[in-house]
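I have placed the structure first, in the form of structure tokens, so that the comments after it can refer back to it.
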Number of protein chains: 2
Amino acid sequence: MSDLPKHIEIREEGPREGFQYEPGPIATERKIELIDRLSDTGLREIQIVSFVNPKAVPGMADAEAVVAGITRRPGVHYLGLWLNEKGMERAVATGKLDIKGSILFSASERFTLRNQNRTLVEHERAQHEMARRYKELGVPIDYALITAAFGCNFEGDVAASKVVEIVGTILALCEEQEIDLSYISLADTMGWATPLQVKRLVGAVRDRYPDAPLSLHLHDTRGMGIANAFAGLEMGVAHFDASAAGLGGCPFAGNRAAAGNVCTEDLVFLCDEIGIETGVDLKALVDCAILAEEVVGHPLPGSIKSGGTLRTLRQKIAAGARA
Amino acid sequence: MSDLPKHIEIREEGPREGFQYEPGPIATERKIELIDRLSDTGLREIQIVSFVNPKAVPGMADAEAVVAGITRRPGVHYLGLWLNEKGMERAVATGKLDIKGSILFSASERFTLRNQNRTLVEHERAQHEMARRYKELGVPIDYALITAAFGCNFEGDVAASKVVEIVGTILALCEEQEIDLSYISLADTMGWATPLQVKRLVGAVRDRYPDAPLSLHLHDTRGMGIANAFAGLEMGVAHFDASAAGLGGCPFAGNRAAAGNVCTEDLVFLCDEIGIETGVDLKALVDCAILAEEVVGHPLPGSIKSGGTLRTLRQKIAAGARA
């Protein structure tokens with residue numbers, strides 16, 4: 001029926017997405033508490049903070065204190081996000097993060113002009129320089145991201161052929177600079193994707209570059225997140241970014257109440273039910289999602305924390321049958 | 001890539017689900033306002049009230065007044081729900097509803113024992129009698145529902161073979177009593193379904209009964225609603241129950257905050273984007289969803305009312321390009 005993978009990896013981005021997006025303020029110790037609890041779920045990659053201008057993003061002003069406060073668990077990679085070398089230097093200075101570089105591409109010229117004040121060609125050149133700089137600094141590059149891969153609020157629909165071409169550019173850059181990339185992430189930055197489009201785009205990339213290591217970054221702005229993730233799973237995609245409880249939001253949505261990244265525990269629930277291993281303990285993760293709501297002080301979008309897991313119900317039914 | 005239908009029909013159940021579920025009270029005129037607005041969206045079937053014991057369901061005590069107050073639009077079928085003949089008599093007495101009978105089956109013995117206080121065999125016999133009674137009264141039967149078709153909180157997982165067997169029973173009953181059924185609805189009453197299971201169950205029914213007119217009733221309790229609907233679409237299912245704004249809820253969920261039926265405007269958005277006709281004006285429906293939140297006085301689950309439609313964005317982009 002499909003190409004479902006046996007096992008997937010999830011990069012948890014909830015703390016970074018949430019603390020960055022929430023109007024807050026959220027106490028540093030509560031952020032640390034949530035990250036430490038997420039560390040105990042079996043997640044192997046957690047993006048916990050961003051090193052950005054505290055005037056622009058006040059919720060990240062305590063990034064260093066958050067990193068200092070967490071308890072690192074063996075086997076878990078703790079990641080930070082930065083947008084320039086100064087940010088990376090702050091991340092390195094913590095002495096406690098896993099320093100991994102990434103290169104950033106986009107399928108939208110207008111989005112790039114707006115965000116980076118440069119054309120796609122200039123932006124691509126900058127990524128080449130960035131990759132060289134990472135090499136000089138001895139920082140491995142594990143991620144290439146293609147933003148607006150499914151559509152753009154400023155440019156409209158994006159042709160699959162355009163994204164396939166960018167994947168080609170990334171693979172050429174990696175070959176040229178001998179970069180061993182873990183993932184090329186197709187990002188639905190503004191929530192334009194449908195499951196049909198996910199299948200078509202992943203299929204188009206696969207047709208041309210069968211070995212490109214794809215990941216999906218799916219925003220749930222229009223409620224398609226889980227459907228899009230399942231479409232990715234059916235196409236054999238085995239790496240996803242996700243956000244516990246759906247922490248975060250979408251600055252490009254119609255209004256502020258729109259959801260952010262696809263919800264981690266809902267994705268883990270789906271995988272559990274259809275026999276795909278995630279390595280994550282769903283019950284522990286649901287507890288984190290409930291804690292996340294408490295930490296931010298308002299309801300968050302995830303569904304399983306309200307609906308409950310089926311494992312719990314099956315256990316109850318089995319216990320009742322034995323009684 | 002798939003068996004996507006060109007066109008689907010949606011049975012809107014939001015008013016009935018919502019007014020029945022909300023702790024309320026909601027003023028009768030506001031209920032009427034919402035139903036009248038839904039009538040203007042292109043929806044062709046709207047279930048607006050249930051005729052049940054007002055002591056058990058106080059939100060439906062004004063069912064007759066709601067029906068009396070609405071303005072019937074040509075081409076729209078207005079439906080009521082009832083659980084017994086007394087309820088149906090109340091529906092008929094309004095003189096303003098489209099009276100359509102339904103027969104109710106279940107894939108779960110324990111759920112049936114709990115809800116109806118009879119075994120599945122007794123329950124099946126009762127449906128035969130019910131069908132005969134409808135015939136005597138001259139009421140057409142258009143719907144057969146199979147509850148707990150994907151799993152049950154009291155019985156656990158449900159084998160596809162069991163549901164296939166029930167479909168066979170329904171088709172035999174219809175042949176025997178010369179009933180021209182519009183739909184057999186596979187209901188995920190307690191939110192157990194995954195998209196993989198939807199594909200497998202619909203596939204299993206289709207393998208055995210290729211012409212069975214299937215519909216899906218998908219609860220979004222665990223966030224799988226839209227993914228499950230898309231799985232149904234990929235299997236060629238062309239009729240869905242849905243609920244504007246996700247009105248309603250799930251009494252079987254872990255807690256009261258869980259979502260009810262899959263959200264109508266999110267489903268229409270998906271169909272619009274992938275080229276499946278619904279006959280529904282998405283913009284008008286989103287306005288109804290926003291009104292529904294105002295009427296119930298709290299946020300409702302649907303995503304498009306927050307995320308916004310893409311048609312609006314595309315128009316803005318096109319206008320910008322012309323300017």
Hey, got the average number of other protein chain Cβ atoms within 10 angstrom for residues in B:68-76? 0
Can you compute the FRET efficiency between residue B:177 and residue A:114 using 1/(1 + (r/R0)^6), with r the Cβ-Cβ distance and R0 = 51 Å? Round to the nearest 0.05. 0.20
The distance between the Cα centres of region A:78-104 and region A:108-186, in whole Å, is 18 Å
Answer check: the protein assembly as shown, Cα atoms, Kirkwood Rh, Rg/Rh ratio of 0.99
Using the Cα centre of chain B as origin and beta-carbon charges of +1 (Lys, Arg) and -1 (Asp, Glu), tell me which of B:117, B:7, B:274 is placed farthest towards the positive end of the dipole. B:274
Going by average Cβ neighbours within 10 Å, how do the peptides B:37-44, A:243-250 rank, with the highest at the top? A:243-250, B:37-44
Around residue A:168, what is the net charge, scoring Lys/Arg as +1 and Asp/Glu as -1 over all other residues with Cβ under 15 Å from its Cβ? -3
Starting from the Cα of residue B:100, draw a straight line to each of the lysines and keep only those under 20 Å, dropping any in the same chain fewer than 8 residues away. B:86, B:135
What does the net charge come to around residue B:320 if you take all other residues with beta carbon closer than 14 Å to its beta carbon, with K and R at +1 and D and E at -1? +3
Region A:198-323: relative contact order as a whole-number percent, Cα under 8 Å and 6+ apart: 22 percent
Checked against the positive end of the charge dipole of region A:9-322 (+1 on Cβ of Lys and Arg, -1 on Cβ of Asp and Glu, about the Cα centre), the farthest of A:48, A:307, A:261 is A:307
Give me a single rounded figure for B:305-318: the average over its residues of other chain Cβ atoms within 10 Å of their Cβ. 6
May I ask what percent, to the nearest 5, of DSSP beta bridges between residues of chain A are antiparallel? 5 percent
Among beta bridges that DSSP assigns inside the protein assembly as shown, antiparallel share in %, nearest 5: 5 percent
Nearest-20 debye value, the protein assembly as shown charge dipole, Cβ charges on Lys, Arg, Asp, Glu: 640 debye
The FRET efficiency for residue A:98 and residue B:204, from their Cβ-Cβ distance with R0 = 60 Å and rounded to 0.05, is 0.85
Could you give the size of the charge dipole of chain B about its Cα centre, using +1 on the Cβ of each K and R and -1 on the Cβ of each D and E, expressed in debye and rounded to the nearest 20? 460 debye
Under Stokes-Einstein, with the Kirkwood radius over Cα pairs standing in for Rh, what whole-number D in µm²/s applies to region A:9-322 at 10 °C and 1.306 mPa s? 80 µm²/s
Among B:205, B:289, B:61, whose Cα sits farthest toward the positive end of the charge dipole of chain B (+1 at Cβ of Lys/Arg, -1 at Cβ of Asp/Glu, about the Cα centre)? B:289
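Coordinate-derived values only; no laboratory data. What you see is a predicted model; the values in this text were computed from it and never measured. Quick reminder, even Gly has a Cβ in these numbers, built from the backbone with ideal geometry, and neighbours come from all protein chains shown.
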